[in-house]
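Here, each number is a calculation from the coordinates, and none is a lab measurement. From a predicted model like this one, the values you see are computed outputs, not experimental measurements. Here Cβ is always computed from backbone atoms with ideal geometry, including for glycine, and neighbour counts include all displayed protein chains.
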Amino acid sequence: MGGEAAIIVFIFVAVGFAWTWLWRQRVTEKPWLQEGLVDDHPSEIDHTQPPARTALYVFLAVVASVFSLFFSAYFLRMEYFDWRPLQEPGLLWVNTVMLVLGSVSIQMAANAAKKSNIDMVGLGLIGTGIFTVAFIGGQLWAWQMLVAEGAYLYSNPANAFFYLITGLHALHIVGGLYVWARTTRRVWAGHPIHEIHLSVDLCKVYWHFLLMVWVVMFGLMLST
Amino acid sequence: MAYVALADRGQELAHPHTWIGKYVWCQDHKVIAIQYGGTAILVGVVALVLSALMRLQLGFPDTFSIITPGEYYQAVTMHGMIMVIYLLTALFLGGFGNYLIPLMCGTRDMVFPFMNMLSFWVYLLSVIILMVSFFVPGGPTGAGWTLYPPQAILPGTPGATWGILLMLISLAVFIVAFTMGGLNYITTVLQARCRGMTLMRMPLSVWGIFVATVLGLLAFPALLVSAIMMIFDYLFGTSFFMPAIISLGEQLDYKGGSPVLFQHLFWFFGHPEVYIVALPAFGIVSDVLSVHARKNIFGYRMMVWAIVAIGGLSFIVWAHHMYVSGMNPYFGFFFATTTLIIAVPTAIKVYNWVLTLWQGNIHLRTPMLFAIGFIFTFIHGGLTGLFLGNVVIDLPLSDTYFVIAHFHMVMGVSPILVVFAAIYHWYPKITGRMYNETLGKWHFWMTFFGTYAIYLPMHYIGFLGVPRRYYANGVTDFMPESVQDLNAAITIAALFVAATQIIFFWNMLTSIWNGKKAPHNPWNANSLEWRTEQTPPVHGNWGDELPVVHRWAYDYSVPGRETDFVPQDEPVREGGGEHRT
């Protein structure tokens, strides 16, 4: 019954979040009584907030719902008799460390960008690249190990979910690496710091998010 | 802080000078809207022809045996999928969303014009992939638009090889396109409104499109997940959805998968999808009614709250599509309750539309006729929804024509009537020409009565227990012969309505050249899209300055005013003088 309780809690949190946001936008006011300019109104747009950041948050909400749907499918499928839990290779712990290090170094890059320290930004970005590529390589290696043990994609639903979800997660990271590469190239080409500040910051958000997805996913697989 | 609008802060609009740059690889939201809308309508015509083929088979099984049983199922599947996703979703969000959001919010374009353009081209790709499936070996999938496994990918189902694969890939591509568009719609509404345009001053069309986009972004992932997992089951032999099964006398390698799991995922997308189509229609119809009744929309706040509430509730009703699917019957109680609760905000909206008309100065122009027609068909379809939302009534009716009648009234005819209302309403702005009013009225009355002639009788044959999805009914004890007569009549009505649409296309196409030149604001409406300096608006929409909003969009027939409308960007008069209650 844990699943149902989690869903109900999730619904309440989502509704609460939406309601708070709408409340702060004053959806209870009567627009027909209100004339003229309203420059101090809370739902006037905050122009210090770059649209790309809003778009990234919305996109992460979409990605989050993709992964949570996979997780709920995982739970539902688990209850059938043919489910044999997968023995996760220990290598995944190493990969986790790699991904954490990637997150740490992108955080360093973002902090450095805030202080306009362009050298540290470059260093942080390169570190992020190395650790993240190491993570992807490690994931592929873990797949190899599983295949060598005879744990194929189709031999059990637990395996199928493992390959599918880790593969999808890796694909998202590869997508992030594309943006990372563009940002790094711009740092390399000597663009001024205010032009790359936002990109580094958005990369940071994305990396932390994918780390969080990975931790939830890995925890889920270890515990089942 | 001095107000600097987003669109004027160093964001350069690409102004191409070649024909291809202006109309093909174009980043102008208005051109993208027309590309989206045109593609959606074209592919919708394909679905219309498919429905005509099905009706010929059902109405005159002995005279017109044009299609085989397998082709019948392929037509059913493609008709449903095209109409729901590739026509309605794309037209409301990609078409009207693209056209109306920047104009109504007073911005120069979407926030990410390049991604917006990409969204259309990826959508076109998904349509092409879908159309290709008509020409591959085995033809398109015939699994029903819900694509239920196991039969969707088993031999014996039409198109169980290439057809289903192309369908799943096309859906995944469509979702990518929708996500790119959706990020734009949300970010533009949140971040690019002009000065003075608070959320509660936005026209309801924008509210409907906005909330529908949120629903789409959260619901389409469920379809993506189920499509990916089904592709894995089909290509790699996994058993996510596929149970142990004997097919054509042969034990397959699948074991232990859960078809009901697919249904949960599918309907977790599928029910919000109904509201992805309905909410923009609700919003647009509210604006059309208000403008042509020269009255403010009744209960604006309630309308906004109802849109949000319906959007939220739509995520917890999905299993009412599965009462007969072998799901745990006790779940049915929960889902019947939530389903009936959703009737409350929906009824609020219907009452408010009717009360907007009450004592209004009603102008029965073509868009208004379609909007009022929508109220009829929507109440009709909504009421039958109350029947089907209850488990005990749904069980006997679920597999009959009653369901066909219900969902065609509520999410086929009703949104399409709004599409027509919207096209007629904004046609002068989009093309700069007036359409032919007489032809428009003929189009309305023939379509309106025609659709009733199609779907009203289906309720009766549904009560008789005539099963849906059947290629031919044959001879049975419970069906009197008159059922076949009614089926023939329905077919004639369906062909009549299909032919009627020629009037619409003729009117739309010839008016581009022959129509009277449209004034900037032919309906004397308040919202910003009617306040552009050029008609049709140029790339960038506004002149040197963005509009500034001083009021909501519904100041019609304000006492003490010489005109019966006060546009949103008109400043407050010195000394007031208006009576506000």
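Orientation-averaged projection of the range B:48-125 equals 6.6 nm² [convex hull of Cα atoms, one quarter of hull surface area]. When +1 charges are put on Lys and Arg Cβ atoms and -1 charges on Asp and Glu Cβ atoms, the dipole computed for the range A:50-223 relative to its Cα centre reaches about 500 debye. Along its three principal directions, the equivalent ellipsoid of the range B:125-183 from the Cα gyration tensor extends over semi-axes of 23, 13, 7 Å, largest first. FRET efficiency for the pair B:LYS255 and B:PHE496, taken as 1/(1 + (r/R0)^6) with r the Cβ-Cβ distance and R0 = 56 Å, rounds to 0.65. Amide H contacts for B:SER247 (H built 1.01 Å from N in the peptide plane; partners 5 or more residues away or on another chain; cut-off under 5 Å): B:LEU252.
Computed from the C-beta positions of A:VAL94 and B:SER65 and an R0 of 56 Å, the FRET efficiency is 0.30 to the nearest 0.05. Check cross-link reach from B:LYS517 to the aspartates and glutamates: straight Cα distance under 20 Å, and skip same-chain residues fewer than eight apart. Result set, ordered by chain and number: B:GLU437, B:GLU529, B:GLU533. Taking GluC sites (Glu not before Pro) as exposed when their DSSP state is a loop state and no more than 11 other Cβ atoms lie within 10 Å, the longest site-free interval of chain A runs over A:1-78. In summary, the range B:386-451 shows an alpha-carbon radius of gyration equal to 1.58 times the 2.2 N^0.38 Å reference for compact globular proteins.
Measuring from a point 7 Å past the Cα of A:ASP82 along Cα-to-C-beta, which residues in the range A:156-189 have an amide N at less than 14 Å? Those under the cut-off are A:156-161. Adding -39500 (n - 2.57) for every DSSP H run of four residues or longer, then dividing by how many residues chain B holds, sets the calculated 222 nm ellipticity at -19500 deg cm²/dmol. Here the relative contact order of chain B, from alpha carbon pairs under 8 Å that lie six or more residues apart, stands at 15 percent. Once both labels are positioned 7 Å from their Cα atoms along Cα-to-Cβ, the gap between A:ARG53 and A:PHE10 label points is 2.8 nm. For B:PHE565, the amide hydrogen comes within under 5 Å of the amide hydrogens of B:SER557, counting only partners 5 or more places away or on other chains and with H modelled in the peptide plane.
Between the exposed loop cleavage positions of chain B, defined as GluC sites (Glu not before Pro) in a non-H, G, I, E, B DSSP state with at most 13 neighbouring beta-carbon atoms within 10 angstrom, the longest gap is B:13-480. Just to check, using Stokes-Einstein with a Kirkwood Rh over alpha carbon pairs, what's the diffusion coefficient of the protein assembly as shown at 25 °C and 0.890 mPa s in µm²/s? This corresponds to a translational diffusion coefficient of 87 µm²/s. For the range B:288-407, a/c is not less than 1.5, where a ≥ b ≥ c are the root eigenvalues of the C-alpha gyration tensor, and a/b tops b/c. That puts it in the prolate class. With contributions of -39500 (n - 2.57) from each DSSP H run of at least four residues, the per-residue ellipticity at 222 nm computed over chain A stands at -27000 deg cm²/dmol.
Excluding same-chain neighbours fewer than eight residues apart, the aspartates and glutamates reachable from B:LYS255 by a Cα-Cα span under 13 Å are A:ASP82, B:ASP233. For the Cα trace of the range A:1-44, dividing Rg by the Kirkwood Rh returns an Rg/Rh value of 1.29.
A simple charge model with +1 on the Cβ of Lys and Arg, -1 on the Cβ of Asp and Glu and nothing else charged puts the dipole of the range A:1-44 at about 180 debye relative to its Cα centre.
The Cα atoms of the range B:469-581 define a convex hull whose projected area, averaged across directions, is 15.1 nm². Listed cross-link partners A:LYS114/B:LYS22; A:LYS204/B:LYS429; A:LYS30/B:LYS429; A:LYS30/B:LYS516 are compared with a 32 Å cut-off, the Cα-Cα value being larger for A:LYS114/B:LYS22; A:LYS204/B:LYS429; A:LYS30/B:LYS516.
Projected onto planes of every orientation and averaged, the convex hull of the alpha-carbon atoms in chain A covers 16.2 nm².
Among the trypsin sites (Lys or Arg not before Pro) in the range A:72-134, those placed in a DSSP loop whose Cβ has at most 13 other Cβ atoms within 10 Å are A:LYS115.
Summarising the label geometry, the points placed 7 Å from Cα in the beta-carbon direction at A:HIS194 and B:HIS363 lie 4.9 nm from one another. Would you give the gap between the C-alpha center of the range A:159-207 and the C-alpha center of the range A:46-86, rounded to a whole Å? So the two Cα centres are separated by 18 Å. In the distance distribution for chain B, Cα-Cα pairs more than 33 Å apart total 44 percent.
Take each residue in A:60-71, count the other chain C-beta atoms within 10 Å of its C-beta, and the mean is 5. Name the shape class, rounded, prolate or oblate, that the alpha-carbon gyration tensor gives for the range A:57-163, where a ≥ b ≥ c are the square roots of its eigenvalues, rounded holds for a/c under 1.5, and otherwise prolate holds if a/b is larger than b/c and oblate otherwise. Here the range A:57-163 falls in the oblate category. Charged side chains reduced to their Cβ positions (Lys and Arg at +1, Asp and Glu at -1) give the protein assembly as shown a dipole of some 1020 debye around its Cα centre.
Full extension of the segment from B:LEU235 to B:ARG573, taken as 0.36 nm per residue of separation minus the current Cα-Cα distance, would add 114.8 nm. A convex hull fitted to the Cα coordinates of the range A:98-224 yields 87 cubic angstrom per residue. Stokes-Einstein diffusion for the range A:1-105, with the hydrodynamic radius set to the Kirkwood value over Cα pairs and evaluated at 10 °C in a medium of 1.306 mPa s, equals 84 µm²/s.
Value of Rg to Rh for the range A:127-188, rounded to two decimals, is 1.12; Kirkwood radius and Rg both from alpha-carbon coordinates. For chain B, the membrane-span-like helix rule (DSSP H, alpha carbon extent of at least 30 Å along the helix axis, mean Kyte-Doolittle at least -0.5) picks out B:29-59, B:162-191, B:204-236, B:259-292, B:366-389, B:437-464, B:482-514; this says nothing about an actual membrane.
For B:THR400, the residues 5 or more places off, or on other chains, whose built amide H falls under 5 Å of its own are B:ARG468. Taken one residue at a time, the phi angles of the range A:30-45 give Karplus couplings (6.51, -1.76, 1.60, θ = phi - 60°) of 9, x, 6, 8, 10, 10, x, 6, 9, 5, 8, 6, x, 8, 5, 6 Hz. Gly and Pro are set to x.
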